[in-house]
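**Q** What follows is a structure written as structure tokens; I'll ask about it next.
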Amino acid sequence: MPLRLFNALSRKKEIFKPSKGKSVSFYACGPTVYNYVHIGNLRTSIFNDLLRRVLELSGYKVKEIMNITDVDDKTIKGSRDAGQPIKDFTRYYEKEFLSDVKSLNIIPATKYTRATEHIKEMVDIIKILLEKEYAYKSGDGVYFDISKFKSYGKLSRLKKQNLKTGARVNNDEYEKDSARDFALWKFKKEDEPSWPSPFGSGRPGWHVECSAMSVKYLGMPIDIHTGGVDLIFPHHENEIAQSEAAYGKKFVRFFVEGEMMSVEGHKMSKSLKNTFTLRDLGACGFEPLDFRYLTLTAHYRSPLSFTWGSLSAARNARKNLAEKTLAAPKSDKKVLRKFWEDFLSAVNDDLNIPKALALVWKAVGKDEILFADKILGLGLGKLKKIKAGAKLEKLIKEREVLRSEKKWREADSIRNKILAEGYIIEDTPMGARIKKAG
Ligand code: AMP
Ligand code: ZN
């Protein structure tokens, strides 16, 4: 059953096959580490993970590179506001991002690549662009000349008459209506980090890192490039221009981009101050996988509006699905085979996860559900552990009631029962805590 993906370059669903045998080169635009990532960012990370799981289930080996933007306008400002060296500041948020990734059952990238560790590669590509006259030096930096790259705007379908050729934009982020020559390198400023280069000390613009790192680790063309739709312009457009102008080859075969998570009709974004993090959700009693479940209910190309009500519904659904899995009988072989076919045909049709999830709800046997979980990633196969957790929780609560009634002997006997489960209970000012014995 062929895998079909919506390719933003052609704006059509196309059959996907890697260009080389069974291995897929996969580049994902990663986070800018200047704050805790929000759940909108994480929706895109989960979409990325689903695509990767579907590719792996099809028998492909995926080499996934994800960049970490640890120097740009936002990280520089953030570290300055925090009064911290930029490296300490960004490493902290990078670590937190990777911990969010883990708690959401996202398969980690093959390699995470930091912008600050690839300055040489960025300088090299800028040198080529200057030599080929796709780039020029101005007073405050080196710019890419969009009028020289004839197909500039092909991904976002920019109208030629809207291109402000000759005009420059120095910010890393800007809107479609101000498509201009963009900064590849920004000359040194007093209070900014900088690196030497043959065209003057400075630091890279945001877009060039993805061109430099992707060609280093994946070559050209990349089979699949992902990100959110908000990156189509200017980021992905600029990546195409830089890479194709420098190397004269096609940059990417499939651009696959995920829709946004919104709140009350607006994109969830730091600048609108309408973001939530996994920590905020945790503080309200939700587990990371409740959020993962929520994202599975919408197709990746549909906007998903975040509400606390829908998150609650997702939590209930996940709990019910976990219980259903636990109680489900072993599957009949024939039924399992039919389920596989239907499930694969849903996920191979441009990742129709909501349809696949509906099939799981209809399934009767345990093996169907566990097979589906290879893609869904809800940890349904780890139910025994969840059950053990529930048992411990019950014992702790019973012990607390006994202690409040000053029934010390009975409370101690529960302590022993907990020990028999392999845990030690400790009383702290915050209440009872358990840790693994031995
Ligand atoms: P950034 O840190 O802004 O570069 O974003 C990291 C990733 O999150 C990119 O792939 C963005 O497309 C994605 N992203 C940002 N905001 C949202 C949102 N509201 N919903 C879904 N994805 C988002
Ligand atoms: Zn990128």
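**Q** For the stretch 285-382, what does the alpha-carbon gyration tensor say about shape, rounded, prolate or oblate, given a ≥ b ≥ c as the root eigenvalues, a/c under 1.5 as rounded, and a/b over b/c as prolate?
**A** Details: a/c = 2.56, a/b = 1.34, b/c = 1.92.
Note, shape of the stretch 285-382 comes out oblate.
**Q** Treat the stretch 200-259 as a sphere of radius equal to its Kirkwood radius over Cα pairs and apply Stokes-Einstein at 4 °C in a medium of 1.567 mPa s; give the translational diffusion coefficient in µm²/s, rounded to a whole number. Each step should come with its number before you reach the end.
**A** Numbers: Rh = 11.9 Å.
The calculation lands on 109 µm²/s.
**Q** A follow-up question, please. With the other protein chains left in place, how much accessible area per residue, in square angstrom, belongs to the stretch 285-382 at a 1.4 angstrom probe? Walk me through the numbers before you get to the answer.
**A** Working: 4560 Å² over 98 residues.
I get 47 Å² per residue for this part.
**Q** Write down the percent of antiparallel bridges among all DSSP beta bridges whose residues are both part of the chain, to the nearest 5.
**A** Details: 25 of 50 bridges.
Of the beta bridges lying entirely in the chain, close to 50 percent run antiparallel.
**Q** Once a ≥ b ≥ c are taken as the square roots of the eigenvalues of the Cα gyration tensor of the stretch 1-143, is the result rounded (a/c under 1.5), prolate (a/b larger than b/c) or oblate (a/b not larger than b/c)? Walk me through the numbers on the way to the answer.
**A** Details: a/c = 2.34, a/b = 1.28, b/c = 1.83.
Here the stretch 1-143 falls in the oblate category.
**Q** Quickly work out the Ser404-to-Lys374 label distance, labels modelled 7 Å from Cα along the C-beta direction, and quote it in nm with one decimal.
**A** Taking the simple label geometry, Lys374 and Ser404 are separated by 4.8 nm.
**Q** Right, something else. Please report the accessible area of Thr110 (heavy atoms, 1.4 Å probe, ligands and nucleic acids excluded) in Å², nearest 10.
**A** About 80 Å², rounded to the nearest 10.
**Q** What part of the accessible area of the stretch 20-258, given as a whole %, is carbon or sulfur when the probe is 1.4 angstrom? Intermediate results must be reported in sequence, preceding the final value.
**A** On the way: 4750 of 9440 Å².
Carbon and sulfur atoms account for 50 percent of the accessible area of the stretch 20-258.
**Q** With the Cα gyration tensor of the stretch 20-258 giving a ≥ b ≥ c as the square roots of its eigenvalues, does the rule (a/c under 1.5 for rounded; else a/b larger than b/c for prolate; else oblate) give rounded, prolate or oblate? Spell out each step's value before the answer.
**A** Working: a/c = 1.68, a/b = 1.18, b/c = 1.43.
Cα axes put the stretch 20-258 in the oblate bin.
**Q** Going by accessible area, probe 1.4 Å, with all protein chains left in place, what is the ranking of Ile418, Ile15, Ile86, largest first?
**A** Details: Ile418 0, Ile15 95, Ile86 40 Å².
Accessible-area ranking of Ile418, Ile15, Ile86, largest first: Ile15, Ile86, Ile418.
**Q** Follow-up question, since we're still on this one. Hey, if we sort Trp361, Trp206 by accessible area with the 1.4 Å probe, largest down, what's the order?
**A** Working: Trp361 90, Trp206 30 Å².
Largest to smallest exposure gives the sequence Trp361, Trp206.
**Q** Between Asp332 and Ile15, how many nm apart are label points set 7 Å from Cα along the C-beta direction?
**A** The answer from the label model is 3.4 nm.
**Q** Give me the distance between the Cα centres of the stretch 326-378 and the stretch 275-289, rounded to whole Å.
**A** 28 Å
**Q** With every protein chain left in place, what is the accessible area of Ile424 in Å² (1.4 Å probe, nearest 10)?
**A** In the full protein context, Ile424 sits at about 60 Å².
**Q** So, for the stretch 120-216, what is the accessible surface per residue at a probe of 1.4 Å, expressed in square angstrom?
**A** Numbers: 4610 Å² over 97 residues.
Heavy-atom SASA per residue in the stretch 120-216 reads 48 Å².
**Q** Which lysines does Lys249 reach when only Cα atoms under 17 Å apart count, and residues fewer than 8 places away in its own chain are ignored?
**A** Lys20, Lys132, Lys148, Lys150, Lys154, Lys216
**Q** Leaving ligands, DNA and RNA out of it, rank Glu192, Glu133 by accessible area with a 1.4 Å probe, largest first.
**A** Details: Glu192 30, Glu133 120 Å².
Order by accessible area, largest first: Glu133, Glu192.
**Q** Now a separate question. Taking only the Cα atoms of the chain, how large is their convex hull per residue, in Å³?
**A** Details: hull volume 76.2 nm³, N = 438.
Measuring per residue, one finds 174 Å³ for the Cα hull of the chain.
**Q** So, with +1 on the Cβ of K and R and -1 on the Cβ of D and E, and no other charges, what is the size of the charge dipole of the chain about its Cα centre, to the nearest 20 debye? Please report the intermediate quantities before stating the final value.
**A** Working: 79 positive and 57 negative charges, 296 e Å.
For this selection, approximately 1420 debye.
The values are calculated or read from the model by the stated rules, or taken from the named source; none is laboratory data. From a predicted model like this one, the values you see are computed outputs, not experimental measurements. In this analysis, Cβ positions are derived from the backbone assuming ideal geometry, glycine residues included, and neighbour counts consider all displayed protein chains. We work out accessible area using only protein heavy atoms, side chains counted, and drop any ligands, DNA or RNA first. Shrake-Rupley method; radii C 1.70, N 1.55, O 1.52, S 1.80 Å.
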